[in-house]
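Visitor: Here it is, the structure, as structure tokens.
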């Protein structure tokens, strides 16, 4: 029986794979403090690498990482000149528009820096607070896309390495040609393979990979 001991996903700069789908966003975010404004929006779909890039920027700038859903008038962080703060998932439904608006005002007033991650830019329905929508649209944005080709293959190799997961030759290419092309799917797939390999007590074969992919397809269906 496999034990769920967890593993450490690496979010260091050396673990971020730069490719055409993310190189412009990577250059802009990591070009801090030469940003065009005090705050920057980092936008992209789930699994595109927003959290990894935000963690890299927090380390570079000596800042903190927080979830936007944790913001409230009572918990709004006190900001000072030069402070850096990465705020994740600002577009989730549970996020307080007013708390986020006050944070933006506070950062601008006190000379702090903000990196804001979201799956989307402002739309007709989000955010509901017009002043916040206007403020967000005025900020520069860095966009991430889902990985393509060689990048996704490299991500699969990296995820296997992080879990010390042994796969037989050809299995990575086999999975790459049959999986949904997203980082989120890659993480789910490798986690499932890791559990299967532990249960079987042997390296991952093409047959095992095929069974896991079929199971994931059934679950998604």
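Readers should treat all values here as calculations from the given coordinates under stated rules, not as data from a laboratory. Nothing here was measured: the structure is a model prediction, and the numbers come from that model. Neighbour counts are summed over all protein chains in view; Cβ atoms, including those assigned to glycine, are modelled from backbone coordinates with ideal geometry.
Visitor: Could you compute the FRET efficiency for residue 206 and residue 92, with r as their C-beta to C-beta distance and R0 at 25 Å, rounded to 0.05? Display every interim value, and only then the final one.
Guide: Working: r = 39 Å, r/R0 = 1.54.
Efficiency, from the Cβ-Cβ distance: 0.05.
Visitor: Of the listed values [x] 19.1, 68; [y] 19.7, 59; [z] 18.8, 58, identify the label whose number matches Rg and Dmax of the Cα atoms in Å calculated from this model.
Guide: [y]
Visitor: Also: How much length, in nm to one decimal, is gained on full extension between residue 66 and residue 215, taken as 0.36 nm per residue of separation minus their Cα-Cα distance?
Guide: Answer, rounded to one decimal: 50.2 nm.
Visitor: Helix 206-220 versus the longest principal axis of the chain: what angle, 0 to 90°, nearest 10, using Cα atoms?
Guide: Taking the Cα atoms of the chain, the angle to 206-220 is about 50 degrees.
Visitor: Computed FRET efficiency, Cβ-Cβ of residue 34 and residue 184, R0 22 Å: what is it to the nearest 0.05?
Guide: Numbers: r = 31 Å, r/R0 = 1.43.
The value I calculate is 0.10.
Visitor: Out of all Cα-Cα pairs in the range 22-143, roughly what percent, to the nearest whole number, are more than 20 Å apart? Could you put the intermediate results ahead of the total?
Guide: Details: 2587 of 7381 pairs.
Counting every Cα pair in the range 22-143, those more than 20 Å apart make up 35 percent.
Visitor: Per DSSP H run of n ≥ 4, the term is -39500 (n - 2.57); total these for the chain, divide by its residue number, and report the mean residue ellipticity at 222 nm rounded to 500 deg cm²/dmol.
Guide: On the way: 8 runs with 96 residues, N = 221.
Taken over the chain, the calculation gives -13500 deg cm²/dmol.
Visitor: Could you work out how far apart the two model spin labels at residue 162 and residue 108 are, taking each label as a point 7 Å from the Cα in the direction of the beta carbon, and quote it in nm?
Guide: Once both label points are built, they end up 3.6 nm from each other.
Visitor: Just how far, in whole angstrom, is the range 152-221 from the range 64-120 if you go by their alpha carbon centroids?
Guide: Measuring centre to centre over Cα atoms gives 36 Å.
Visitor: At a Förster radius of 25 Å, what calculated FRET efficiency corresponds to the Cβ-Cβ distance of residue 154 and residue 177, to the nearest 0.05?
Guide: On the way: r = 15 Å, r/R0 = 0.60.
Efficiency at R0 = 25 Å is approximately 0.95.
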